[in-house]
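One structure is given here, and the rest of the page talks about it.
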Amino acid sequence: MVSAAFVAPFLADTTNNFLLAAARTPGVRLGLITTASLDQVPGEIRQTLAGHYQVRDGLDAQQIADAVRGLTPQIGPVERLIAILEQLQVPLGQVRDALGIPGLSESVALNVRDKSRMKDVLRSTGLPCARHQLVHRVEEALAFRDVVGFPIVAKPPDGAGAQATFRLDTLADFDNWLTMAVADPSQVWLLEEFLTGREHSFDAATLHGQTLWASISDYLPPPLEVVRNPWMQWTVVLPQDISTPQYAEIHRVGPQAIAALGVQDAFSHMEWFARPDGSVAVSEIGARPPGAQIGSMIGYAHDVDFFDLWSNLVLREEFHRPDRVYACGTAYLRGMGRGRVRAVHGIDQLQRELGELVVRAQLPQPGQPAATSYEGEGFVTVRHRDTGVVQAALERIVQVARVVLVESD
């Protein structure tokens, strides 16, 4: 029996899917560390837990360490410490090091969390990634601009999900960003060369330092373009066949990049670019499962429960390679403006045209607040054995579906 602690600062729907899978994993005694009281934990999850420990701050390493010790009388000495949030990678690494728990150490967590350090490691081993500069002073920013030229990407070195990420195309863009950046002298920024090409993900299962399996996704358009245009509806496609020549180079480079960063046992999410000349470049890697519904899509494409795949890997050190059976894709529904959802148009028409392809949908609801992330107010996921059918269906969804937002009174 493995005694494990799952750290979930807040019990959002996505987190709950992973938490429930972990709690139901055979041979695992699971304790939950969270800011929620036990009676706030959904009943389905609560009845599967072996322990619970409430903290004030679920991202604080000291409070997590205290909670791990506090769980010992309930579940025994903690042998696995897990989470899905990127922001928890470093705190959990610190706690594992301090308490002697196996798993991602602080130094490896910094490799995958600090984007500047990550690229230093990758470039030092000859792996392709964007030129970059960690900026503390105006002079450093100007020097990087003059060497690399436009476009430039500016982001926090520990950002996640394209948050606070900007594409700078002109001197005016650069000057506006610089004005914002110097307003907070304590803020450190990472400037990167803008990579051109098609953007993808490489989601991999690594055990004992060996990448055993990977899934590839295609983004259209790239996430940074989506962030810059809040009205833009976008798609992610998991092609049915990822053994074709266009993916051959990332199948070679991806596992090398994961190994270079020191990741031993994890489900990781990598974003990468296929350049026009056929080469690839790694954008960034997180030692965590993917977001934006990609995990669920992996499950649908392989006809398995993705959350069970993940939990068995991180808790039992077991992984059974699933076969890719279907193509799968998601269209993300987004409205223009701010406020709340007033209406969603086109859904009835899409149901008539594409209903048999839809495997999951979360439609925007009237009165729902506008989304704060690029995932939008809702989504529709489709599946078929033919990748072309999935791509056509997603294109149709983003053409027809319209989310209307209105300012709140």
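Since every read-out is calculated from the coordinates, none of them should be taken as a lab result. Since we're looking at a predicted model, the values are computed, not measured. Neighbour counts run over all protein chains shown; Cβ positions are idealised from the backbone, glycine included.
Whole angstrom only: what separates the Cα centroid of region 259-277 from the Cα centroid of region 60-80?
Between the Cα centres of region 259-277 and region 60-80 lies a distance of 31 Å.
Calculate, for Q362 and R69, the FRET efficiency according to 1/(1 + (r/R0)^6) with r their C-beta to C-beta distance and R0 51 Å; round to the nearest 0.05.
Computed FRET efficiency for Q362 and R69: 0.85.
Over region 231-296, what is the relative contact order in whole percent, taking alpha-carbon pairs under 8 Å and six or more residues apart?
26
Order of W272, W213, W231 from fewest to most other C-beta atoms within 10 Å?
Listed from fewest to most nearby Cβ atoms, that is W231, W213, W272.
Could you size up the charge dipole of region 1-140 around its Cα centre, putting +1 on the beta carbon of Lys and Arg and -1 on that of Asp and Glu, and report it in debye to the nearest 20?
With Lys and Arg at +1 and Asp and Glu at -1, about 320 debye.
Multiply the residue separation of F150 and V406 by 0.36 nm, subtract the distance between their alpha-carbon atoms, and state the gained length in nm to one decimal.
In short, 88.6 nm is gained.
Given the Cα-Cα distance of R352 and V182 and 0.36 nm per residue of separation, how much length would full extension add, in nm?
Working it through step by step, the gained length comes to 55.9 nm.
Place a point 7 Å from the Cα of H320 along the Cα-to-Cβ direction; which residues of region 1-30 have their backbone N under 16 Å from it?
Taking a point 7 Å out along Cα→Cβ of H320, the residues of region 1-30 whose backbone N falls under 16 Å are 25-27.
If you put +1 on each Lys and Arg Cβ and -1 on each Asp and Glu Cβ, how big is the dipole of region 198-406 around its Cα centre, in Debye rounded to 20?
Using Cβ point charges on Lys, Arg, Asp and Glu, region 198-406 gives about 680 debye.
Tell me, M118, M297 in order of fewest to most beta-carbon neighbours within 10 Å?
In order of increasing Cβ crowding within 10 Å: M118, M297.
Fewest Cβ neighbours within 10 Å first, please rank F319, F267, F18, F150 accordingly.
F150, F319, F18, F267
Which shape class applies to the chain: rounded if a/c is under 1.5, otherwise prolate when a/b exceeds b/c and oblate if not, where a ≥ b ≥ c are the square roots of the Cα gyration tensor eigenvalues?
The shape class here is rounded.
Charges on Cβ only, +1 for Lys and Arg, -1 for Asp and Glu, centred on the Cα centroid of region 78-152; of V138, V90, G149, which one is farthest towards the dipole's positive end?
Comparing the listed Cα positions along the dipole, G149 ranks first.
Ranked highest first by average number of other Cβ atoms within 10 Å, how do 326-337, 388-399 line up?
Packing proxy ranking, top to bottom: 326-337, 388-399.
Students often get this wrong: which residues of region 1-25 have the backbone nitrogen under 12 Å from the point 7 angstrom along Cα-to-C-beta of D39?
none
Taking only C-alpha pairs under 8 Å that are 6+ residues apart, what is the relative contact order of the chain in percent?
Relative contact order comes out at 13 percent.
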